[in-house]
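Undergrad: Quick one: this structure, given as structure tokens, is what I'll be asking you about.
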Amino acid sequence: MKQIISLFLFFVPIAIFSTHNRGGEITYKHLFGLTYEFTISTCTKSSSPADRPELEIDFGDGQIDTVARESITPIPGYDAQKNVYRITHSYVGSGTYQICVSDPNRNDGIINVGGTVSSDNIAFSIQSQLVISPFIGAGNNSVTFADCPCPEYACVNFAYCYNPEAIDEDGDSLGYELVVPLDENCSPLFLGVNYTYPNTLGGGSISLDPLTGDFCWNNPGLTGEYNIAIKITEYRHGVPIGYVIRDIQITVIPGCNNEPPVIDPIPDTCVVAGSNISFDVTATDPDFGDNITLTGSGLPFTVSSSPANFSSITGSSPITSPFSWTTDCSHIRLADYQIFFKAEDNGFPELSSTQSMNIKVVPPAPSGLTAVPLGNSITVFWNANPCSTVCEGYNIYRSSNALPIPNDPCCYNRDLTPFNYELIGSVSGSGVLSYTDNGLNIGNQYCYVVTGLYENGLLESCPSDSVCSSLIQDVPVITHVSVVETDVSTGQDSVIWAKPTELDTALIPGPYYYKVYHGNGFTGASTLVYTTAASGFLSLTDTFFVHSGINTVDSANVYRVELYATINGVPDSLVGGTNDASSVYLSTAPNDNRVILSWTENVPWINNYYEIYRSSAFGGPYAFIGTSSTQSYVDSNLLNGVEYCYYVRSVGGYSVPGILNPLLNRSQRKCETPIDLTPPCPPTLDIEPDCPDATSTLTWNNPNNSCADDVTMYTVYYTDTLGGEFTAIGTVNSATDTTFTFSNNGSIAGCYYVTATDSIQYGNESDSSNVVCVDNCPIYFLPNVFTPNSDGQNDLFIPILPYKYVQDIDIQIFNRWGQVVFTSTDPMIRWDGRSMESGALVPDGVYYFICTVNTIRLSGIEPVELTGVLHLFSNTGTTNGN
């Protein structure tokens, strides 16, 4: 629920410039196929000499058309009018189309439009986006608006709010965004250049609620006209499918002495389709003597079937008008219905408040569930759906240990997992009113709920009331498969079952006996291993068997028990059998100071938790060490190299009464020796380069001080180029020695990482540390003078020593006429002043050089260009003319 305050002027006591376009938007309606009707609504000043009896519209597909004005609606009490233009257009195919209408003139004097130029030199443009796609269903309709895009008024130093009151008849979700208004050809104005948001110049603060569309300007401080643009985007199943941009003008005025009316808060609510929702809307006005006009707008008032009722009334404060809506199935949709209530007074200036609220129309829950068992299945039935015309099908959920679902008649898309229900199936079509759940186990109770599906399966009704049932217990029920002895060839399993409690012994008389079938693994008990003695009384039959001489080490063992009796006078007839039930099979995996246990079983009852037992010897004694509600357990704080033995005992039972509970069954025994398979955590590496010494010193932390306890050595890896392959360049054989210094033939460029390794016995190497890189700092300078006069000093042109990190060079030395007198690739150069052609000493003077220095860097060889002049003095008396 949101309440916003607006202001309307009957008379505005400030100067308003001759104006043209103040606001507008483009809406569209799908007619058929690829044909749409577009409506252009603008608000202009009635007395303005600039008038637009027709406008051009760009449909976004390369087609431009002229549309004539259809109507003019004066706005009473204002020098403004609403202009409506309407046109149809057909597209050739799917696509995303930007529909644009541009007009040369905004009105003059807009404070936040224009920048350094007058706002009437800025074009007025409005734009909407139309998406035509088979993936969004039938043709989309844009939002529509309850009022025209006409000027709004705010008061200096008063809070002001505005809502565009957008309505989406397709039920799409709406999102609101404050955007920069549009210039010529629907290009946005430049924020900070020829447009600013109103509060930048007008003071105060602004906000826009992206869900409700409430735009609020808190305490504007400067009178005048301002424009904003609100982009309203439609979302279908979370995907944007089009938008409309509404451009609106707000005029801030001084001297407001009236307070707006107040609408009592109306909370958001929901209603089950087919039910009525009603409440009173009450408005009051703080100013004595003001009359209030109370109106309502929104999609519930315009739906074709059973629209909502709300009478617009005018009267003295307080006034109340009842809202009532008798919903039906056609109103079911994924999105909420948004309703706007507006209260406007007749004071000076006229003020209004708008309050929005949401109504969710949810589908009815299925009713009348029954559950009928037959054999090993249960069929669930439910009543016909009162909303069968819009219901698309049903989801069926089952639980064998259900928790109560709180009653909430207005819930939808409810997560049922916290109540231990899982989805087991779906049926399509509202006329399918049953579901058969097969392959169930005797002895368990099964509870079911059903939900209805709508809106392409995206909207699910509240679950029905639950119904529970169980299979008829007219066959034996297996209760125990427990390992007695663990051995490859002399292992033993104990198998126990319960007699049928609902068998009609008069109809099916004895003699009675059981056959026990066995198999390896978790399913497929097909080998007969035992037949009990026959008895004329079912109550006297044996229900216990120890299976000996089997392998209980390498796999689980599975069993099934069948009952035989006399049926229709035929003895030795199969009455029925139990479900397969296996032993609990335990697996172990060693790790560092721990053993990881996991187990699997296939049983028809429900195991609630497991007890874990441990011994230091295979033969015991075993001690209880913990429980697990899952099929795994980690036994920690053990000694590496020491053997530990385990078994697991399951604790569970059937959910129907009358069967022994709890059921306790043991796994085989399994021994394991912890070993260190876990690498240490990687160190954290740092580096300190030393350019003068051409070394790099690596330092890192000792993981034994934080996240490990058995690091014994470190390995240092290196590459001399970025992206190069790392190779090991050294090891440090002490956990406490965490430094390493490296030099690569005078280059420090390279990248490094370090790994930690635990004890030599296990040799687990950690992941790499962080990679650190350093680059060379090349040094290469050339002098600007040398004297090749054979006096033993400065006779050669060489670089200033020392130079560093240079692979080679390419130098050319020129005389003043551009002739090359010397070249070299030697970084030492060693030019003795003689011409490379004649071998003679060149004249004294100024010479020019171009030198490419190939430096050794982390990224590889990087050339550096050096240019300059050098002065040659040989004291020979000749010069080159300089």
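The values are calculated or read from the model by the stated rules, or taken from the named source; none is laboratory data. Keep in mind the model is a prediction, meaning the values are calculated, not measured. Here Cβ is always computed from backbone atoms with ideal geometry, including for glycine, and neighbour counts include all displayed protein chains.
Undergrad: List the number of the failed condition for Ser102; all other conditions in (1) over 19 Å from Cys150 (Cβ atoms); (2) surrounded by fewer than 18 Cβ atoms within 10 Å (Cβ to Cβ); (3) small (Gly, Ala, Ser) hold.
TA: Against the list (1) over 19 Å from Cys150 (Cβ atoms); (2) surrounded by fewer than 18 Cβ atoms within 10 Å (Cβ to Cβ); (3) small (Gly, Ala, Ser), Ser102 comes up short only on (2).
Undergrad: Mind checking which strands (runs of 3 or more DSSP E) fall wholly inside the range 772-818 and carry at least 1 residues that are among the basic types (Lys, Arg)?
TA: Passing ranges, in order: 800-804.
Undergrad: Given the conditions (1) assigned by TED's automatic domain parsing to the domain that holds Asn276; (2) over 24 Å from Asp264 (Cα atoms); (3) modelled with pLDDT of 95 or more, which single one is not true for Arg398?
TA: Single failed check for Arg398: (1).
Undergrad: Sort through Lys29, Lys45, Lys82 and tell me the only one that's modelled with pLDDT under 95, surrounded by fewer than 20 Cβ atoms within 10 Å (Cβ to Cβ) and at negative phi.
TA: So the residue among Lys29, Lys45, Lys82 that is modelled with pLDDT under 95, surrounded by fewer than 20 Cβ atoms within 10 Å (Cβ to Cβ) and at negative phi is Lys82.
Undergrad: If I go through the range 441-457 residue by residue, how many of them are closer than 14 Å to Ser428 by Cα and either surrounded by fewer than 23 Cβ atoms within 10 Å (Cβ to Cβ) or among the charged types (D, E, K, R) (or both)?
TA: Result for the range 441-457: 4.
Undergrad: Could you check Tyr517 against (1) among the aromatic types (Phe, Trp, Tyr); (2) surrounded by fewer than 21 Cβ atoms within 10 Å (Cβ to Cβ); (3) assigned by TED's automatic domain parsing to the domain that holds Ser629 and say which number it fails?
TA: It fails just one condition, (3).
Undergrad: State yes or no: is Arg560 of a type in the set (D, E, K, R), at pLDDT 95 or above and either more than 27 Å from Thr673 (Cα to Cα) or touching a Gly at 6+ places or on another chain (Cβ under 7 Å) (or both)?
TA: Criteria met by Arg560.
Undergrad: Among Asn199, Asn163, which is surrounded by 19 or more Cβ atoms within 10 Å (Cβ to Cβ), within 30 Å of Ser317 (Cβ to Cβ) and either of a type in the set (A, V, I, L, M, F, W, C) or touching a strand residue (DSSP E or B) at 6+ places or on another chain (Cβ under 6 Å) (or both)?
TA: Selected residue: Asn163, the only one of Asn199, Asn163 that is surrounded by 19 or more Cβ atoms within 10 Å (Cβ to Cβ), within 30 Å of Ser317 (Cβ to Cβ) and either of a type in the set (A, V, I, L, M, F, W, C) or touching a strand residue (DSSP E or B) at 6+ places or on another chain (Cβ under 6 Å) (or both).
Undergrad: I've got another one for you. Take the residues in the range 722-758 that are touching a Ser or Thr at 6+ places or on another chain (Cβ under 6 Å) and aromatic (Phe, Trp, Tyr), then tell me which one is farthest from Ser859 (Cα to Cα).
TA: Phe742
Undergrad: Right, next: Which of the residues belonging to the range 493-528 are touching a residue at least 24 places away in the same chain (Cβ under 8 Å), among the hydrophobic types (A, V, I, L, M, F, W, C) and in a strand (DSSP E or B)?
TA: Selection gives Val495, Ile496, Trp497, Ala498, Val516.
Undergrad: As an exercise: evaluate Leu507 against (1) at pLDDT below 95; (2) within 26 Å of Asn661 (Cβ to Cβ); (3) of a type outside the set (Ser, Thr, Tyr) and give the number of the one condition it does not meet.
TA: If we test Leu507 against (1) at pLDDT below 95; (2) within 26 Å of Asn661 (Cβ to Cβ); (3) of a type outside the set (Ser, Thr, Tyr), just (2) comes out false.
Undergrad: Got a number for residues in the range 198-215 being in a strand (DSSP E or B) and touching a Leu at 6+ places or on another chain (Cβ under 8 Å)?
TA: 3
Undergrad: For Asn665, indicate whether it is part of a loop (DSSP other than H, G, I, E, B), among the polar types (S, T, N, Q) and either closer than 28 Å to Gly524 by Cα or modelled with pLDDT of 95 or more (or both).
TA: no
Yes/no matrix, rows are residues, columns are (1) of a type in the set (A, V, I, L, M, F, W, C); (2) within 30 Å of Thr251 (Cα to Cα); (3) crowded, with 17+ Cβ neighbours inside 10 Å; (4) in contact with a helix residue (DSSP H, G or I) (Cβ under 6 Å, 6 or more places away or on another chain):
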{"residue": "Val281", "(1), (2), (3), (4)": "yes, yes, yes, no"}
{"residue": "Phe288", "(1), (2), (3), (4)": "yes, yes, no, no"}
{"residue": "Ile292", "(1), (2), (3), (4)": "yes, yes, yes, no"}
{"residue": "Pro364", "(1), (2), (3), (4)": "no, no, yes, no"}
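Undergrad: Still on this structure: Considering only the range 472-486, I want to know if a residue exists there that is assigned to a loop (DSSP other than H, G, I, E, B), outside the structural domain of Cys391 (by TED's automatic domain parsing) and farther than 19 Å from Gly375 by Cβ.
TA: yes
Undergrad: Kindly indicate whether Asp791 is surrounded by 12 or more Cβ atoms within 10 Å (Cβ to Cβ) and of a type outside the set (Gly, Ala, Ser).
TA: no
Undergrad: A further question follows. Being part of a strand (DSSP E or B) and in contact with a Pro (Cβ under 6 Å, 6 or more places away or on another chain) is the filter; apply it to the range 733-764 and report the residue that is farthest from Thr684 (Cα to Cα).
TA: Residue satisfying both the conditions and the ranking: Ala756.
Undergrad: For the subset of the range 309-332 comprising residues that are part of a loop (DSSP other than H, G, I, E, B) and over 37 Å from the mean Cα position of the chain (by Cα), which member is farthest from Val271 (Cα to Cα)?
TA: Of everything passing the filter in the range 309-332, Ser317 is farthest from Val271 (Cα to Cα).
Undergrad: Continuing with this model, one more query. Filter the range 345-374 for residues that are outside any strand (DSSP E or B) and farther than 20 Å from Glu392 by Cβ and give the result.
TA: Asn346, Gly347, Phe348, Pro349
Undergrad: Looking at the structure I just gave you, is Ala756 in contact with a helix residue (DSSP H, G or I) (Cβ under 9 Å, 6 or more places away or on another chain) and either loosely packed, with under 15 Cβ neighbours inside 10 Å or outside the structural domain of Asp844 (by TED's automatic domain parsing) (or both)?
TA: So Ala756 passes the test.
One line per residue, one yes/no per condition, for (1) under 29 Å from His30 (Cα atoms); (2) among the charged types (D, E, K, R); (3) buried (at least 20 other Cβ atoms within 10 Å of the Cβ):
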residue	(1), (2), (3)
Pro134	yes, no, no
Glu152	no, yes, yes
Pro181	yes, no, yes
Ser205	no, no, no
Pro240	yes, no, no
Ile245	yes, no, yes
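Undergrad: Considering only the range 30-54, state which residues are in a strand (DSSP E or B) and either among the charged types (D, E, K, R) or outside the structural domain of Ser125 (by TED's automatic domain parsing) (or both).
TA: Once the filter is applied, which keeps residues that are in a strand (DSSP E or B) and either among the charged types (D, E, K, R) or outside the structural domain of Ser125 (by TED's automatic domain parsing) (or both), the range 30-54 yields Glu37, Glu54.
Undergrad: Next up: Which residue, of Pro604, Pro679, Pro683, Pro621, is outside any strand (DSSP E or B), surrounded by fewer than 18 Cβ atoms within 10 Å (Cβ to Cβ) and under 39 Å from the mean Cα position of the chain (by Cα)?
TA: Pro604
Undergrad: Just to be sure before I move on: is Thr852 part of a strand (DSSP E or B), at pLDDT 95 or above, within 30 Å of Glu725 (Cα to Cα) and of a type in the set (Ser, Thr, Tyr) in the structure I sent?
TA: When the stated conditions are applied, Thr852 passes them.
Undergrad: Let me ask something additional. Answer yes if at least one residue in the range 558-574 is in a loop (DSSP other than H, G, I, E, B) and buried (at least 20 other Cβ atoms within 10 Å of the Cβ), and no otherwise.
TA: no
Undergrad: Tell me yes or no: at least one residue of the range 709-716 is buried (at least 17 other Cβ atoms within 10 Å of the Cβ), touching a residue at least 60 places away in the same chain (Cβ under 8 Å), assigned to a loop (DSSP other than H, G, I, E, B) and among the β-branched types (Val, Ile, Thr).
TA: Checked the range 709-716: no residue is buried (at least 17 other Cβ atoms within 10 Å of the Cβ), touching a residue at least 60 places away in the same chain (Cβ under 8 Å), assigned to a loop (DSSP other than H, G, I, E, B) and among the β-branched types (Val, Ile, Thr).
Undergrad: Show the residue pairs meeting these rules: Cβ distance below 7 Å; 6+ apart or different chains; first residue within the range 620-641 and within 15 Å of Ser667 (Cα to Cα); second residue of a type in the set (Asp, Glu).
TA: What qualifies is Phe624/Glu611; Thr627/Glu611.
Undergrad: Here is a check on your reading of the model: is Val427 in a strand (DSSP E or B) and touching a residue at least 60 places away in the same chain (Cβ under 8 Å)?
TA: So Val427 does not fit the description; no.
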